[in-house]
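Data first, discussion second: the structure below is written as structure tokens.
The values are calculated or read from the model by the stated rules, or taken from the named source; none is laboratory data. Worth saying up front: this structure is predicted, and the values here are computed from it rather than measured. In this analysis, Cβ positions are derived from the backbone assuming ideal geometry, glycine residues included, and neighbour counts consider all displayed protein chains. Accessible surface is based on the protein model in full, side chains and every heavy atom, while ligands, DNA and RNA are left aside. Shrake-Rupley method; radii C 1.70, N 1.55, O 1.52, S 1.80 Å.
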Amino acid sequence: MEKLQNFINGEYCDPIQGQYIDNYEPATGKVYSFIPNSGTEDVQKAVDAAEKAFPIWSKMSIEERSKILVKLSEGIEARMDEFVQAESRDNGKPVSLAGHVDIPRAVSNFHFFATAILHFASESHNMEGLGINYTVRKPIGIVGCISPWNLPLYLFSWKIAPALAAGNCIVAKPSEVTPYTAYLLGKVAQEAGMPPGVLNILHGEGGSVGDAIVKHPKVKAISFTGGTKTGEYIARTAAPMFKKLSLELGGKNPNIIFADCDFKEMLSTTLRSSFANQGQICLCGSRIFVERSIYNKFKEEFVKRVEATVVSNPQDPAAKMGAVVSKPHMEKVLSYVELAKEEGGTVLTGGVQVKLDEPYDEGYYIRPTVIEGLAYDCRSNQEEIFGPVVTITPFDTEEEVLMMANSTEYGLSSTLWTSDLKRAHRMADQLQAGIVWINAWLVRDLRTPFGGVKASGVGREGGWEALRFFTEPKNVFIKY
Ligand code: NAD
């Protein structure tokens with residue numbers, strides 16, 4: 001069986017302690033490769049390589065850095081099929097989704113920041129008659145990038161592309177649940193002419209290698225995407241070392257539907273915003289609030305569409321949903337369905353594991369699930385489930401739905417369906433979220449700030465925000 005390797009100093013290498021962990025294929029429930037179980041020695045080796053590479057990379061002209069990053073982007077594009085198949089196999093998502101969303105977006109992330117850096121500028125502030133301030137933005141040095149399993153290469157590249165563009169060297173760790181496409185990236189970096197040590201990719205568990213990256217004194221900034229509890233731990237660990245932190249954490253996003261919306265468009269988009277990627281997107285709208293006058297109509301038509309959703313193996317072109325990412329995650333999602341029942345909810349459809357035919361009979365498949373009858377403040381409506389489970393709740397007034405929408409500890413994104421322009425602005429202004437979509441979902445412009453408020457995170461990714469995060473401003477004053 002294949003053994004994955006770390007990528008340090010421009011070369012693939014085995015973990016120093018020689019330990020490995022199993023890598024499962026969610027579609028079949030079988031182990032299909034082994035992942036390095038790296039530790040502090042591997043982190044040290046990566047930091048040493050990054051330290052040596054930093055003067056080369058940070059002093060290279062922006063044009064040259066940009067060209068290498070464009071090549072990286074093109075290198076992924078040239079291996080599109082290999083990356084798409086690998087992402088689907090590692091994560092359980094349909095091949096069609098990896099081919100339409102994940103890998104094209106990773107290509108765009110590198111291309112976007114490769115070119116954005118060419119236009120990145122800093123400010124100057126003139127003090128009439130006295131002097132002038134100019135601000136330079138310098139790369140930080142060695143930065144740590146840690147990413148989750150739901151959109152593996154997409155979110156990994158969303159961090160490392162701006163960090164590299166800004167001139168930093170990286171010690172990066174993809175999720176141990178979905179390491180494969182990050183593993184493949186090493187080859188592309190070699191082919192793109194990335195100098196050794198600029199991009200180091202370590203594999204292994206969060207509690208060991210992830211923790212060692214966060215704790216290493218020479219890693220000056222941490223960009224993390226993952227669960228809120230992990231983010232809290234990382235913040236606690238990194239804060240006394242005065243590291244720069246970007247934390248993109250969990251969500252429990254509201255999807256608010258007013259009676260005056262375009263019903264047809266809302267319905268098909270709501271199907272996606274509920275169950276795309278098996279509901280495992282931090283931006284999925286898991287709490288659906290529907291104005292009472294259309295509640296029954298929505299319920300009937302939504303449930304009909306959900307029941308027609310094909311859950312199948314990721315290779316099946318008909319599959320709208322594949323497998324969830326792991327057995328423990330499947331068990332967690334199903335345990336929330338049981339909790340919802342205990343809390344008085346009625347499962348309108350789904351809530352069960354799906355058994356497919358061999359060789360997929362041990363895979364982790366769940367029917368998309370719709371639950372009604374729950375109080376807005378019960379645990380099922382407050383805690384992140386991160387799977388194919390949504391709740392539906394009627395509302396009567398704007399005030400009431402705003403109160404329910406804003407009632408969770410999270411504040412990542414919100415979706416709003418209405419054709420009343422004034423109401424759209426009013427609601428957008430008051431929703432506690434970093435991102436609000438009106439009559440749309442998951443429309444992404446890479447220039448816009450991306451991130452959440454409250455327990456959904458600290459800081460923003462995307463566009464200039466990311467380039468500012470990965471640089472330190474230095475102000476210089478000169479007297480006239
Ligand atoms: P997770 O927090 O378990 O793991 C995320 C990453 O952190 C993994 O690489 C993991 O190995 C590592 N890690 C775990 N413990 C660590 C530690 N002590 N020190 C350093 N690294 C550690 O999250 P997950 O289960 O992989 O991902 C799902 C979560 O990610 C959900 O909560 C989801 O909402 C969130 N998410 C947020 C966004 C966003 O942009 N806000 C995007 C995608 C996913």
Go through (1) within 30 Å of E176 (Cα to Cα); (2) part of a helix (DSSP H, G or I); (3) more than 10 Å from the ligand (Cβ to nearest atom) and name the single condition T309 misses.
-> (2)
Residues of the range 282-310 that turn out to be over 24 Å from N381 (Cβ atoms) and either touching a Lys or Arg at 6+ places or on another chain (Cβ under 8 Å) or of a type in the set (S, T, N, Q) (or both), as a count = 1
Of the residues S157, S122, S108, S147, which is at pLDDT below 95 and either surrounded by fewer than 24 Cβ atoms within 10 Å (Cβ to Cβ) or within 15 Å of the ligand (Cβ to nearest atom) (or both)?
-> S122
Residue tally, condition assigned to a strand (DSSP E or B) and open to solvent by 10 Å² or more (accessible area, probe 1.4 Å), over the range 276-291 = 2
Taking the range 256-275 as the region of interest, how many residues are open to solvent by less than 20 Å² (accessible area, probe 1.4 Å) and either within 16 Å of the ligand (Cβ to nearest atom) or among the aromatic types (F, W, Y) (or both)?
-> 4
Go through E384, E465, E400, E472 for me and flag whichever is over 21 Å from the mean Cα position of the chain (by Cα) and either in a helix (DSSP H, G or I) or outside the structural domain of P148 (by TED's automatic domain parsing) (or both).
-> E400
Which pairs do you get when a residue that is farther than 17 Å from P55 by Cα, found in the range 135-158, comes within reach of a residue that is within 8 Å of the ligand (Cβ to nearest atom) and of a type in the set (F, W, Y), reach meaning Cβ atoms under 6 angstrom, with the pair 6+ apart or on two chains?
-> I146/F224
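Quick test for you: out of S96, S66, pick the one residue that is assigned by TED's automatic domain parsing to the domain that holds C13 and either surrounded by fewer than 18 Cβ atoms within 10 Å (Cβ to Cβ) or over 25 Å from V324 (Cβ atoms) (or both).
S66
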Within the range 226-247, considering residues that are open to solvent by 30 Å² or more (accessible area, probe 1.4 Å) and among the hydroxyl-bearing types (S, T, Y), the one farthest from the ligand (Cβ to nearest atom) = Y233
Options L271, L267; residue that is in a helix (DSSP H, G or I) and more than 22 Å from the chain's Cα centre (by Cα) | L267
Residue check for V443: within 24 Å of P254 (Cα to Cα) and surrounded by fewer than 16 Cβ atoms within 10 Å (Cβ to Cβ) = yes
Restricting the search to the range 414-440, which residues are open to solvent by 50 Å² or more (accessible area, probe 1.4 Å) and of a type in the set (K, R)?
-> K422, R426
